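Enquirer: One structure is given below, represented as structure tokens, and several questions about it will come after.
The values are calculated or read from the model by the stated rules, or taken from the named source; none is laboratory data. Every value quoted in this text rests on a predicted model; they were computed, and no experiment measured them. Reconstructed Cβ throughout: ideal geometry from the backbone, glycine too, with neighbour counts over all protein chains shown. When the accessible area is computed, the model is the full protein with side chains, heavy atoms only, and any ligands, DNA or RNA have been set aside. Shrake-Rupley method; radii C 1.70, N 1.55, O 1.52, S 1.80 Å.
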Amino acid sequence: MKRLLNCTASDFASMNKDELLQSIQASEGRTMLAEVVCSTTPLYPGLTNAEYVAAFGADLVLLNVFDVDKPSVEGLELLEKKVETNDIIQTVKELVGRPVGINLEPVDIHANELETLEQLPAGRRATDNTIQKAIGLGVDFICLTGNPKTGVSNDAIEKAIKMVKKIAGDKILIIAGKMHGAGTKIDTAEGLADNVSVQRFVQAGADIVLVPGVGTVPGATLSKTERLIQAIHNEGALALTTIGTSQEGSTVETIQNIALYNKMAGADVHHIGDAGLHGIAPPENIMNYSIAIRGKRHTYTRMAASIKR
């Protein structure tokens with residue numbers, strides 16, 4: 001099995017979930033996942049934000065604020081042929097030559113609010129209906145997490161994992177966890193996650209559990225993140241460290257430090273968020289993060305390789 005960072009578009013097209021997970025493991029902490037807001041005007045005209053992050057080193061692409069009731073990715077309207085609603089995810093996958101997933105948000109109506117929460121459209125919430133629609137659209141993975149002010153809790157995430165597992169079985173990859181507070185009071189005494197909560201996520205069916213990256217939220221130290229990742233690994237799942245606090249738009253030095261600390265902590269996948277200009281991290285920060293965890297050789301090869309390979 002190839003390492004994910006060496007896989008081609010044709011490799012991705014033929015992979016099942018287990019093969020994708022194995023390729024991530026074989027990459028030894030050198031897999032990049034980039035998140036983009038798909039409902040905003042792209043960084044520059046002519047392309048989608050998904051194409052930009054793929055061009056700058058992303059191995060996996062996560063579409064944020066994607067509404068399964070109104071599927072849309074800004075930039076696709078500029079293609080020569082009209083993209084039908086049911087073909088949107090498949091079209092993005094063909095353009096970027098990478099696995100593509102979406103966020104669905106497990107809103108907790110009993111959440112302990114810390115601030116005034118937003119009312120999410122039904123198509124962005126994690127429900128039986130939206131999960132089935134996401135699978136029908138052809139996503140490679142579903143990420144169960146919460147954007148700011150959405151009222152997502154760990155209890156709701158655990159329930160949503162079980163829903164996805166029941167509906168999808170082993171068809172798609174399940175990623176789950178909180179990268180910031182999502183407008184609710186802290187779920188555990190140790191912060192957004194503790195050993196018990198990440199173990200519960202794996203036992204519910206998560207393939208990859210996300211935790212805040214080192215230095216991204218208060219208390220996310222190297223030692224604590226390392227303990228959480230070890231607990232995830234002990235349960236047989238993979239770990240994803242996240243930047244969901246707008247630090248993806250920070251300095252090169254900050255990005256490099258976060259990247260190296262996350263790798264030291266044992267991250268299998270490295271997430272970089274979408275809070276730069278126009279719903280995308282500054283592309284140079286995606287590249288700098290990639291260089292920090294896998295060097296110029298693999299970064300430039302990923303950036304330069306044609307999707308036809």
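Enquirer: Quick one: which residue in VAL53, VAL68 is β-branched (Val, Ile, Thr), at pLDDT 95 or above and in a loop (DSSP other than H, G, I, E, B)? Write out each step before concluding.
Expert: Values: VAL53 fails: in a loop (DSSP other than H, G, I, E, B).
Criteria check complete, one pass: VAL68.
Enquirer: Right, something else. Any residue in region 280-296 that is modelled with pLDDT under 95, open to solvent by 30 Å² or more (accessible area, probe 1.4 Å) and over 19 Å from the mean Cα position of the chain (by Cα)? Please lay out each step first, then the result.
Expert: Going through region 280-296, the residues modelled with pLDDT under 95 turn out to be none.
So far as region 280-296 goes, no, none of its residues is modelled with pLDDT under 95, open to solvent by 30 Å² or more (accessible area, probe 1.4 Å) and over 19 Å from the mean Cα position of the chain (by Cα).
Enquirer: Pairs, please: C-beta under 9 Å, at least 6 apart or cross-chain, first residue at negative phi and in region 93-111, second among the aromatic types (Phe, Trp, Tyr) and open to solvent by 10 Å² or more (accessible area, probe 1.4 Å)?
Expert: LYS93/PHE12; ARG98/PHE12; PRO99/PHE12
Enquirer: So, one more: Which pairs have Cβ atoms under 6 Å, sit 6 or more apart or on different chains, and link a residue in region 188-208 that is within 29 Å of ASP18 (Cβ to Cβ) to one that is among the basic types (Lys, Arg) and open to solvent by 20 Å² or more (accessible area, probe 1.4 Å)?
Expert: ALA204/LYS162; GLY205/LYS165
Enquirer: Would you say LEU228 is modelled with pLDDT of 95 or more and under 24 Å from SER153 (Cα atoms)? Please lay out each step first, then the result.
Expert: Values: modelled with pLDDT of 95 or more: yes; under 24 Å from SER153 (Cα atoms): yes.
Taking the combined requirement at face value, the residue satisfies it.
Enquirer: Here is a follow-up. Is region 151-158 home to any residue that is under 22 Å from PRO99 (Cα atoms), in contact with a Gly (Cβ under 6 Å, 6 or more places away or on another chain) and either among the basic types (Lys, Arg) or open to solvent by less than 20 Å² (accessible area, probe 1.4 Å) (or both)? Don't jump to the end; show me each part of the working.
Expert: The initial filter retains those residues of region 151-158 that are under 22 Å from PRO99 (Cα atoms), namely none.
Scanning region 151-158, I find no residue that is under 22 Å from PRO99 (Cα atoms), in contact with a Gly (Cβ under 6 Å, 6 or more places away or on another chain) and either among the basic types (Lys, Arg) or open to solvent by less than 20 Å² (accessible area, probe 1.4 Å) (or both), so the answer is no.
Enquirer: I'd like to check which strands (runs of 3 or more DSSP E) are fully inside region 78-187 and have at least 2 residues that are touching a Cys at 6+ places or on another chain (Cβ under 8 Å) and either among the aliphatic types (A, V, I, L, M) or closer than 24 Å to GLY236 by Cβ (or both). Please lay out each step first, then the result.
Expert: On the way: elements: 100-104, 141-144, 173-176.
Where strands (runs of 3 or more DSSP E) fall fully within region 78-187 and carry at least 2 residues being touching a Cys at 6+ places or on another chain (Cβ under 8 Å) and either among the aliphatic types (A, V, I, L, M) or closer than 24 Å to GLY236 by Cβ (or both), they are 100-104, 173-176.
Enquirer: Residues to consider are GLU28, GLU77; find the one that is surrounded by fewer than 20 Cβ atoms within 10 Å (Cβ to Cβ) and more than 28 Å from HIS298 (Cα to Cα).
Expert: On the way: GLU28 fails: more than 28 Å from HIS298 (Cα to Cα).
Of the residues listed, the single one that is surrounded by fewer than 20 Cβ atoms within 10 Å (Cβ to Cβ) and more than 28 Å from HIS298 (Cα to Cα) is GLU77.
Enquirer: Just to be sure before I move on: is ALA304 among the small types (Gly, Ala, Ser) and farther than 16 Å from THR225 by Cα in the structure I sent?
Expert: So ALA304 fits the description; yes.
Enquirer: Still on this structure, I have one more. Check whether at least one residue in region 26-41 is part of a strand (DSSP E or B) and touching a Lys or Arg at 6+ places or on another chain (Cβ under 7 Å), and report yes or no.
Expert: Let us first name the residues in region 26-41 that are part of a strand (DSSP E or B), namely 31-37.
Checking the rest, the ones that are also touching a Lys or Arg at 6+ places or on another chain (Cβ under 7 Å) come to none.
There is no residue in region 26-41 that is part of a strand (DSSP E or B) and touching a Lys or Arg at 6+ places or on another chain (Cβ under 7 Å).
Enquirer: Just one of the numbered conditions (1) more than 20 Å from the chain's Cα centre (by Cα); (2) open to solvent by 30 Å² or more (accessible area, probe 1.4 Å) is not true of GLN256; which one?
Expert: Going through the list (1) more than 20 Å from the chain's Cα centre (by Cα); (2) open to solvent by 30 Å² or more (accessible area, probe 1.4 Å), GLN256 breaks only (1).
Enquirer: Oh, and also: Could you say whether any residue in region 59-74 is of a type in the set (S, T, N, Q) and more than 17 Å from the chain's Cα centre (by Cα)?
Expert: Step one: filter region 59-74 for residues of a type in the set (S, T, N, Q), giving 64, 72.
Checking which are more than 17 Å from the chain's Cα centre (by Cα) leaves us with 72.
Looking through region 59-74, at least one residue is of a type in the set (S, T, N, Q) and more than 17 Å from the chain's Cα centre (by Cα).
Enquirer: Going residue by residue through region 218-225, is there one that turns out to be hydroxyl-bearing (Ser, Thr, Tyr), closer than 30 Å to THR251 by Cβ and open to solvent by less than 20 Å² (accessible area, probe 1.4 Å)?
Expert: Kept after step one, since they are hydroxyl-bearing (Ser, Thr, Tyr), are these residues of region 218-225: 221, 223, 225.
Pick out the ones that are also closer than 30 Å to THR251 by Cβ and you get 221, 223, 225.
The next check asks that each one be open to solvent by less than 20 Å² (accessible area, probe 1.4 Å); those that pass are 225.
Checking region 218-225: at least one residue is hydroxyl-bearing (Ser, Thr, Tyr), closer than 30 Å to THR251 by Cβ and open to solvent by less than 20 Å² (accessible area, probe 1.4 Å).
Enquirer: Can you tell which of SER246, SER250 is open to solvent by 50 Å² or more (accessible area, probe 1.4 Å) and either among the small types (Gly, Ala, Ser) or within 23 Å of LEU21 (Cβ to Cβ) (or both)? Break it down into steps so the answer makes sense when it comes.
Expert: Numbers: SER250 fails: open to solvent by 50 Å² or more (accessible area, probe 1.4 Å).
On inspection, the qualifying residue turns out to be SER246.
Enquirer: Taking VAL139, is it open to solvent by 20 Å² or more (accessible area, probe 1.4 Å) and in contact with a strand residue (DSSP E or B) (Cβ under 7 Å, 6 or more places away or on another chain)?
Expert: no
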